[in-house]
Structure formats: C-alpha cells, structure tokens
Amino acid sequence: MSFFKDLDLRKLGMQLLVTSIITLSVSAIGMVELFGGRYVITGLFTMAQILFLGPTAFFAYRAVRETPGSQKWLGLLKALLLGVSVGLVMFAFVWLAQNFNVRSIFINISPRLINILTFEHAGGGTTLLITLIGAALAGGALAMVPTKLRNALLLGASITLLVGLLSEILSERLRSLFSSQLSSAIFASKALLLVPAIVLFTLASAISFLRQSGRIGTGKIGPDLKPSQAKIVRTALISLFLLVLPMLLGSYLTEVTNNIGLFFLMGLGLNIVVGLAGLLDLGYVAFFAIGAYTMAALTSTGHLGLAEMSFWVALPICVAVAAFAGLILGMPVLRMRGDYLAIVTLGFGEIIRILALSDLMKPYIGGAQGILNIPKPMVGELALIRPEQMYYVILIGVAIAMFMSTRVRDSQIGRRWMAMREDEDVAEAMGINLVNTKLLAFTIGAGFSGLAGAIFASKLGSIFPHSFNLLISINVLSLIIVGGLGSIPGTLVGAIILVGLPELLREFAEFRWLAYGVLLVTMMLSRPEGFIPSEVIKRELHAGDEAEQAG
C-alpha cells in the first residue's frame, strides 16, 4: 500500500494524460509532418523528432525530479511507466492510421506522418514504442545527474538546439563575415553538422560547469581592480560591443534587434507602472500611438504635416505630450485598483485607436490612411535610413530609459512605488502620498512609451491606426511578466524571447503563435516569477516555500 502511495498514481496518471495529449496533438495538427524534413543536426535529429519525443522526456524528467532523493529508483520507475504508457498510446495511434481511413476526419494524419513517426521501418509501431521508452528513461536519468552537471548539460543542449534552429541565418552571417568554406564546415542544409554540434555542446557544457564550480567567470576582470573600476571596465566593454553589433549582425538581424529595442523601451516604461507601482495598465499602446502621431504631425512633409520640424527637435515634444497624456489618464483612475483599473486603461487604449480611425480626426491625422512622408532622423547631411543607422537612435533611447529606470527604482520614489504595490492602505498610513506617487508612475511610463512611438514613426516613415492595436499592450505586458516583473534585465530577456525569437523563427509559419502561447502557459506554471525576476518579487513568490521548508 505504501508503495502505491509513494508512486502517487493519481499524479502519474495526470502526467501521462498531458504527455499523451501533447504528443498526439503535435502529430494530428500537422506540426510533426511539417518539420519532418527540418534537421537540427544534419542526418541525426529533426525538429519533428524533438516535437514528438520531447514531451515524454520532459515529463519523465519532472517525475524523477519531484521524487524525494532517497527514492530516486521510484522516480525512474515512474519515468519507465510514463514512457511505456505514452508509447502504447502512440502505438495505437499508428495502428489506427494504418488500418482505418482516419484521414477523412483528421486530414493531417497522412502516410508521410506515419513514416516519420515510425522512422520508416516496416514494424514501425514497435520502434516508436521503444524510442519513447528510451526518451523517458533518458529524461529520468538526466534528472538523477548531480545538479551542476545537469545544469551544464541542459545549457549545452539548449544552445546547440538554438544554433541548429537558427542555422540558416547564422550560416549566412558566417559567409558574409568570414568565408563560405567556414560556413560549409559548420552548417549544411540549414542545420548543424554533427562534429560542430558535438564541439559546441561540449564547450557550452564545460564552460557552464566550470563557471558553476567557480573555476572561471568569477566576475573579476583584473587582480588589482577595485569593484568600481571593474564595473567601469565591464560597462566600457559592453558599450563597445553594442557599438559594433550592427556590423556583426547585418541588415536583417539588426532590424530584428531594432524591434526588440523598441519593445524593450516600452517594457521599461510599463515595468515602472506595473512592475514597480503595481498599476495594471492594459491601454499602454495609447501612449505609444500618441508619441508616434505627434512625431508624424510635427515632422511629416505631406499635407497633414504641421511644422516640418526635424526629428531631434520634435522628439522631446513627443515625449512631453505622451507624458502629459499619462498624467491626464492617471487623474480619473486614482481610486481604482486591480481589475477595475485594467478595464479603464483598456478602454482608454481603444478610445485612442478608434479616434485615430474616426472621420472626426481624419482631417488632422488621416483616419485609416494614416500619415505619410515622415522623414528619417538626420545627422548633419546624413539621413539615417538603413536599419544599421536607426539602431544607434534606438540604442540612445534605450540607454537613456535604462539610466532613468535604474535611478528612479533605487531612489525614494522607487521604494514608494514598491510600498504602494504591496499594500496601498499601509503605504498611505505610512505617509506616502498616493496621488503624487501614482501620477508620477503613469507619467514616466507614458513618456517612455511616447519615446518608443516617436522613434517607431520615424523608422517606418508612415503610420496607420492598425499599428496600435490591443495586441501591442498585451505583448509588452507579456514580456515584462515572462522576463520578471520589476526587473530591467528581465524586461530585456522578455523582449528577446517574445519579440526577437518569433521574428527569427518565421519558418515555423502559423505555429509560431501556438509556440508563443505554449511558452506563456509553461512559464506561468513552472517559473511564475519570470526568467530574471527582481529579488523582491522572487522573495514574495517563494516566501511560502521557504516557510514550509523551515517548518
């Protein structure tokens, strides 16, 4: 009886159900077939194999990790049961597809899909069963490896997988920067070659392991440098790297970096409003639109242009107008909290978009036709047209916003915001002026968004109301949650993951957004504090765990 209690059949059954549903779903909706020919490592691993073997390995890994240390053999038994069960489900799936016309209902269950699942073997159902058991045991065995080595292996595998997925882009950059021979020595047929993959995996794992062991990367740049001097040297090196980055990336990757920079800029602003002050704002795109339309109206050389100002003169005006709009929005919502505040700000965002579309505003901002002929920023006689040139404008904007964010977060104002986020009533009882504190958060956050909108308008050269829909607000909110509320490095990581990766993985076509949704759900379940959370948020979310361990 104790054995079955330790086995926790209810939880194991739930994991089996979820794993089976995921594995069946990626097969039945066409993902496995679509990526059947997309190799990550040439001649060895395809994306399809990762898709239908990965869930079993992952849940087996989790099953062993959740088992107490003294009963790891029980965890391995769970992994085996999981592998056998999912294998039998997939065996039945293949048998049904081979013996009945299920394609009349599920059109993606094609002979090619069955060939991929069965590795093109005649008795493929059995091969699939054995492979799934092997994947489960491999995932379970990995969980039993010592922590440092396990983390190193996971990092090495993740980097190798990422490089394999981005092979096409990386091989093009290697050809452009070095030579075709070097590119051909590492990549072939849009995938990593086997030997470079092994070298990359070994190097990444070894470096990670040595770092965790404290043998390298201790943060000391020189033996005689004080911490303040080391910080200056580190900042100088990062700045130098950022300055030469467009030369390494080329036009396409720099354009992706520019998009990441704009969302990072907005994320920094919303991080103040939501992450620090705890004011849930779903209409944040409104300030982005106000900044963009102000820049368009002040600089456009078309018939809707008001002043034909230069970009640099118009930029502070755009920031001021957006910040003022933030102040105006903040006034009527001072007494609102939580869901009510979210609904009001959501309505404000929609009002701005509908106004931009309306006939009332058409003579001033163009209605659905938008505003055209917005000039690029000029430096002397040079127009910053190319992505590599616009990169520096965005970099300056991001640097200013990061400096301001860091300063206000560490100041008395930042502590007031965090106190207000924890409990408004207590904060007010402690003497914090809630009106001023809230208005300041809305104003600064809106100013950052207006800055991003102004650069966005000049970057594109024309703006339309449909560029400012609710999805922008959702994306910015998602990136600060995924990265870690209240964390500036987390906001950057969130922007890279949610804005950069979908752009780089365009070959995944319509499944990009499915992967996006899955990532968000997985993040909230497994790491609710985000990738790089602030220490305060981390302590809050894990206070219960620590108390439980102490008790």
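Could you please find all residues in the stretch 246-266 being open to solvent by less than 20 Å² (accessible area, probe 1.4 Å) and either over 15 Å from the mean Cα position of the chain (by Cα) or not hydrophobic (A, V, I, L, M, F, W, C) (or both)?
P246, G250, T254, N258, G261
Search the stretch 51-61 for residues being of a type outside the set (F, W, Y) and buried (at least 19 other Cβ atoms within 10 Å of the Cβ), and hand back the single one that is farthest from L128 (Cα to Cα).
Only one residue fits best here, namely A60.
Among the listed residues V333, V321, V313, identify the single one that is farther than 28 Å from I396 by Cα and either modelled with pLDDT of 90 or more or touching a Ser or Thr at 6+ places or on another chain (Cβ under 8 Å) (or both).
V333
What is the residue count in the stretch 267-301 for residues that are in contact with a helix residue (DSSP H, G or I) (Cβ under 6 Å, 6 or more places away or on another chain), open to solvent by 10 Å² or more (accessible area, probe 1.4 Å), not in a helix (DSSP H, G or I) and not aliphatic (A, V, I, L, M)?
The total comes to 1.
Among the residues of the stretch 93-135 satisfying the criterion of being surrounded by 12 or more Cβ atoms within 10 Å (Cβ to Cβ) and small (G, A, S), which is farthest from I29 (Cα to Cα)?
If we take residues in the stretch 93-135 being surrounded by 12 or more Cβ atoms within 10 Å (Cβ to Cβ) and small (G, A, S), then G134 is farthest from I29 (Cα to Cα).
Need the failing condition index for S213 against (1) touching a residue at least 24 places away in the same chain (Cβ under 8 Å); (2) at negative phi; (3) open to solvent by 60 Å² or more (accessible area, probe 1.4 Å), just the number.
All conditions pass for S213, except number (3).
Kindly evaluate L460 against the criterion of being within 21 Å of P387 (Cβ to Cβ), surrounded by fewer than 24 Cβ atoms within 10 Å (Cβ to Cβ) and more than 23 Å from the chain's Cα centre (by Cα).
yes
L17: farther than 29 Å from A197 by Cα and open to solvent by less than 50 Å² (accessible area, probe 1.4 Å), yes or no?
Spelling it out, it is not the case that L17 is farther than 29 Å from A197 by Cα and open to solvent by less than 50 Å² (accessible area, probe 1.4 Å).
In the stretch 117-145, which residues are hydrophobic (A, V, I, L, M, F, W, C), in a helix (DSSP H, G or I) and either touching a His at 6+ places or on another chain (Cβ under 9 Å) or closer than 13 Å to Q98 by Cβ (or both)?
Passing the criteria: L117, L128.
Does the stretch 505-516 contain at least one residue that is crowded, with 20+ Cβ neighbours inside 10 Å and either within 12 Å of the chain's Cα centre (by Cα) or assigned to a helix (DSSP H, G or I) (or both)?
no
Which condition from (1) at pLDDT 90 or above; (2) closer than 30 Å to S171 by Cβ is the one that I21 breaks?
So the condition that I21 fails would be (2).
Can you tell me which condition L182 does not meet? The list is (1) closer than 30 Å to G214 by Cα; (2) surrounded by fewer than 17 Cβ atoms within 10 Å (Cβ to Cβ), and all the others hold.
It is condition (1) that L182 fails.
Taking the conditions exactly as written (over 24 Å from F442 (Cβ atoms) and open to solvent by less than 30 Å² (accessible area, probe 1.4 Å)), does L360 satisfy them or not?
no
Kindly indicate whether Y340 is closer than 30 Å to G278 by Cβ and aromatic (F, W, Y).
It is true that Y340 is closer than 30 Å to G278 by Cβ and aromatic (F, W, Y).
The values are calculated or read from the model by the stated rules, or taken from the named source; none is laboratory data. Predicted model only: the values in this text are computed from it and were never measured. All Cβ positions, even for glycine, are placed from backbone atoms using ideal geometry, and neighbour counts span all protein chains on display. Side chains included, ligands, DNA and RNA excluded: accessible areas come from the protein's heavy atoms. Shrake-Rupley method; radii C 1.70, N 1.55, O 1.52, S 1.80 Å.
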